[in-house]
Amino acid sequence: MDELPRQALLAELDAISLTEPHADQRLRRLKVLLPKVRQLGDEALLARLFIEQGKNHALLFEFAEAQTLLNEGIRLATRLELSGLLLEGRLAQGGIHYGNGDFFRALEVWLKTLEEASKFSQMNLCAQAYVGIGKVYYAFDDFSSAVRAHAMAQEIANGLGDLRLSCEIAINLAADYYRLHDTASSMASIIQAQQIMAQGKLDLPEWDGEISSYIGLIHFEQGDYERAEAHLLSALAILRACGSVWGQVHVQLALGRTYLKLGDPRRASDYLKEVVAQQSLGVVGGMQVQTEELLAGLLVEQGDYQGALHHYKRLQQLQSEQFRSHGTTLRLSKHMLGRLADLEFRLQLERYRLQLASE
């Protein structure tokens, strides 16, 4: 095997992964490399190429293509005993489960990856597994546990001097603290992420968009809805430009909430309808619950109690399906049960009013 072409292909693969900010562009460049790697006959390089392609398909919510490529890469990595590459592929598979809203399965994959990575002292992979575990806690509304998992990841990443990973973790911590209503800590994490990006000269527009979105959310939490609107609109423009579908959905949900607070239900409805349109494409994933709850709230404000009840029952169904698929009985919170009962009562009153009006 000619070592010079291999080194050239490896350097090109590294450059694509580290310097190309857009997943769709990374995929185009990786596909150009595929016939060259096949011709070289280097299976280790081919395994890495498959896994890199799979990861980028997953970022574009092309989960079927992602899974096929990851399976092929993992198969080769297993046969060649490339433990680090194998675990990297499994981490990406956990991300697919997470993206599909299958949080229990994602947690199982990421916990297993953490165990294996610790055995092989693959600390970077340990940190990435902790990031995933923190995301699952976040999805389950256990934000204190999410902070603990992400803080563990941050400690490892800082020790490794991995600026890219440290920046990703800082953004995740900003999200955790925001959901804990700790806006001071959330903003401190955002500032840390910005400083890391400047220090590492990281050209990552998607993360710029996420940072802008969380600044907007912090202003929302503080009741400054005009400034929240400005930052969220800026975030949406960035995320649209770099093709981050998930990021756009996240910001559209936030804009829906913001315009409800600003007393503009029409614009709120426009953004929430965009989110609903993404559901058919399978990109909403775990955000379906938030979408259904916001749509219900919007319809309550508009006096459409029947429509609101439909969305709250859909919300209950989504949560029940998630837990039932793992043999767990969902216990709705008293708050949720109370809101369902209140909506059903309002619907009964509305039906009675309409009946009297028709007599």
| said: Test of understanding: extend the Cα→C-beta vector of LEU262 to 7 Å, then name every residue of the range 235-256 with backbone N under 14 Å from that spot. | reply: 235-237, 252-256
| Under 13 Å Cα-Cα from LYS55, which aspartates and glutamates qualify once same-chain neighbours fewer than 8 residues away are excluded? | ASP24, GLU65, GLU72, GLU88
| said: Need one value: the accessible area of ARG227 in square angstrom, 1.4 angstrom probe, rounded to the nearest 10. | reply: 130 Å²
| Ignoring ligands, DNA and RNA, how do HIS310, HIS97 rank by accessible area with a 1.4 Å probe, largest first? | HIS310, HIS97
| said: Greater than 28 Å separation of Cα atoms is the criterion. Which listed pairs, LYS119/LYS201; LYS31/LYS119; LYS135/LYS201; LYS201/LYS273; LYS201/LYS261; LYS31/LYS112, meet it? | reply: LYS119/LYS201; LYS31/LYS119; LYS201/LYS273; LYS201/LYS261; LYS31/LYS112
| request: Using only protein heavy atoms and a 1.4 Å probe, report how much of LYS135 is accessible, in Å² to the nearest 10. | output: 60 Å²
| remark: Phi angles of the range 241-248, converted by Karplus (6.51 cos²θ - 1.76 cosθ + 1.60, θ = phi - 60°) into ³J(HN,Hα) in whole Hz with x for Gly and Pro, give 5, 9, x, 7, 5, 4, x, 4
| query | For the pair ARG6 and ALA151, how long in nm is the line joining their label points, each one 7 Å along Cα→Cβ? | reply | 4.5 nm
| said: Using a 7 Å offset from the Cα along the Cα-to-Cβ direction at both GLU81 and GLU43, what is the distance between the two label points in nm, to one decimal? | reply: 1.3 nm
| Between GLN317 and GLU65, what FRET efficiency follows from the Cβ-Cβ distance if R0 is 41 Å, with the result rounded to 0.05? | 0.90
| Considering only DSSP states other than H, G, I, E and B, which GluC sites (Glu not before Pro) in the range 68-133 qualify as loop sites with at most 16 other Cβ atoms within 10 Å? | GLU81
| field | Cα-centred dipole magnitude for the range 173-234, charges only on beta-carbon of K, R (+1) and D, E (-1), debye, nearest 20 | value | 160 debye
| task | With N denoting the number of residues in the range 22-78, provide Rg(C-alpha) divided by 2.2 N^0.38 Å, to two decimal places. | result | 1.05
| request: At most 10 other Cβ atoms within 10 Å and a DSSP loop assignment: could you name the chymotrypsin sites (Phe, Trp or Tyr not before Pro) in the range 103-137 that fit? | output: none
| task | Go through GLU65, GLU168 and list them by solvent-accessible area, largest first, probe radius 1.4 Å. | result | GLU65, GLU168
| Along the positive direction of the dipole of the range 1-120 (beta-carbon charges: Lys, Arg +1; Asp, Glu -1; about the Cα centre), which of THR19, ASN100, LEU80 reaches farthest? | ASN100
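The values are calculated or read from the model by the stated rules, or taken from the named source; none is laboratory data. Quantities reported herein were computed from a predicted structural model and do not represent experimental measurements. Virtual Cβ from ideal backbone geometry, glycine too; neighbours counted across all protein chains shown. For accessibility, only protein heavy atoms count, side chains too; no ligands or nucleic acids. Shrake-Rupley method; radii C 1.70, N 1.55, O 1.52, S 1.80 Å.
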